[in-house]
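Participant: One structure, as structure tokens, below. Some questions next.
The values are calculated or read from the model by the stated rules, or taken from the named source; none is laboratory data. Because the structure is a prediction, the values reported are computed rather than measured. When we count neighbours, we look across all protein chains shown, and the Cβ atoms used for this are built from the backbone with ideal geometry, even at glycine. Side chains included, ligands, DNA and RNA excluded: accessible areas come from the protein's heavy atoms. Shrake-Rupley method; radii C 1.70, N 1.55, O 1.52, S 1.80 Å.
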Amino acid sequence: MNHTVGRRAVLAAPLFVSLLLSGCVAERPTSSRKIDPSNATVGVSMPTKYLERWSRDGGNLDRLLKEAGFSTSLQYADNKPDMQFSQIQNMINQGVDVLVIAPIDGTMLAPVVDLAAEKGIPTVAYDRLIEATEGIGYYVSFDNRTVGSYQGQYLVDTLNPDPQKPKNVELFGGSPDDPNAAQFFGGAWDVLAEHFESGAFTSPSGKVPTSPDGWKQIGILGWDSAQAQSEMQTRLNSFYADGTELHAVLSPNDSLALGIAQALDARGYKVGNNWPLLTGQDADKANVMNIIAGKQSMTVFKDTRKLGERAFTMVDQIIKGADVEVSEGKEYNNGKKDVPTYLLDPAVVTKDTYKEILVDSEYYTEADLGL
Ligand code: BGC
């Protein structure tokens, strides 16, 4: 392995103070391969362009890298792990200097990341961790566990749990092959478990995890909206057709929330009458419009501009052989190593806050949201 994270760098005093204040430390890349910044190429591999967030992610990062004078090779893999594997292999063969990868499957890419490391090409895992490889250099993401805990906390705060008045809550998990999905569910479950135990919350479908990996049984492969819709339809038909009230649905992200909302619509649920609470993540346009219409209660916003900027900064620091800033004490273990990680903070968006958080910051214009 040519590129590994080495010893903590000795920092000049002013930089040290400012990094300490921001909770960051610096890691010095010890790549044996010197990159010429005036002639550097960055390979960017994204899961799919058909989910709004990834197409924004890819576009933002590509633009920042080009503006800095780097060449780029940006590829989307249509949510197909095999395609992503061979796209990255090709990037390595074409001689990219750094890889930025948002994996579709958390573990499947380990061999190709190892290959990159053997050739001295550093890899940054973007948003999702790449597991089971020592070859990975860095990870940049939002605090995934906090995302889940915000979703769970929203339900707790809004439903006022009371074992004397049990509330019906249906649970969904993300894609079982995505390591983030475990974090999202874990964060939500940290908050929700005690209320399922006390009887304040219950799931008429019985789809409640009974083991740490149990969430995978309620996971929706590929984060697919249509599958989430059909799963919700089945639960509504089987457990709620007799008029049983549905109070809330824990959805880990917006693509699932869209499918769930469609199932509720199709079954005749009405906002202001019997529409349940519904969580999400990403602040995709269609979901923010659903929030405005009362069909989704909240989403967790992960500003892809900030993620792109931080990924860009990491790549820039790697290419220039500078110290790479990471968050102190926030390493993620990928089964093979503690990966130096930069974590960003997510934010809850509701009907009351979307203007301030999304429109004032120019993430969306009012026209984007049909206002
Ligand atoms: C990302 C989420 C996204 C989901 C589906 C996760 O790994 O962190 O933001 O909604 O994948 O693409």
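Participant: Can you tell me the accessible area per residue over the chain, all protein chains present, probe 1.4 angstrom, in square angstrom?
Facilitator: Accessible surface, normalised per residue, equals 41 Å².
Participant: Sticking with this one: Translational D (Stokes-Einstein, µm²/s) of the range 304-367 at 4 °C and 1.567 mPa s when Rh comes from the Kirkwood sum over C-alpha pairs?
Facilitator: Estimated via Stokes-Einstein, D reaches 90 µm²/s.
Participant: Add +1 for every Lys or Arg and -1 for every Asp or Glu among the other residues with Cβ under 12 Å from the Cβ of Gly335, and state the total.
Facilitator: -1
Participant: Roughly how many debye, to the nearest 20, is the charge dipole of the chain about its Cα centre, given +1 on each Lys and Arg Cβ, -1 on each Asp and Glu Cβ, and no other charges?
Facilitator: 300
Participant: Could you work out the local net charge near Gln281, counting Lys and Arg as +1, Asp and Glu as -1, over the other residues with Cβ closer than 11 Å to its Cβ?
Facilitator: Net local charge, Gln281 excluded: -1.
Participant: Expressed as a whole percentage, what fraction of the accessible surface of the range 285-371 belongs to carbon and sulfur atoms when a 1.4 Å probe is rolled over the protein heavy atoms?
Facilitator: Carbon and sulfur together cover 44 percent of it.
Participant: May I ask for the net charge around Glu356, where only other residues with Cβ less than 14 Å from the Cβ of Glu356 are counted and Lys, Arg are +1 while Asp, Glu are -1? Intermediate values should be presented prior to the final figure.
Facilitator: Working: positive: Lys351, Lys355; negative: Asp303, Asp352, Asp360, Glu362, Glu366.
With Lys, Arg at +1 and Asp, Glu at -1, the neighbours total -3.
Participant: Calculated from DSSP H runs of 4 or more alone, at -39500 (n - 2.57) each and per residue, what is the 222 nm mean residue ellipticity of the chain, nearest 500?
Facilitator: Calculated at 222 nm, the ellipticity per residue is -11000 deg cm²/dmol.
Participant: Equivalent ellipsoid semi-axes for the chain, as square roots of 5 times the alpha carbon gyration tensor eigenvalues: give them largest first, rounded to whole Å.
Facilitator: 39, 20, 20
Participant: Please report the antiparallel percentage of DSSP beta bridges with both residues in the chain, rounded to the nearest 5.
Facilitator: Restricted to the chain, the bridges split so that about 30 percent are antiparallel.
Participant: Could you work out what % of the accessible surface of the range 120-247 is carbon and sulfur, using a 1.4 angstrom probe and leaving DNA, RNA and ligands out of the count?
Facilitator: Reported share for carbon and sulfur atoms: 45 percent.
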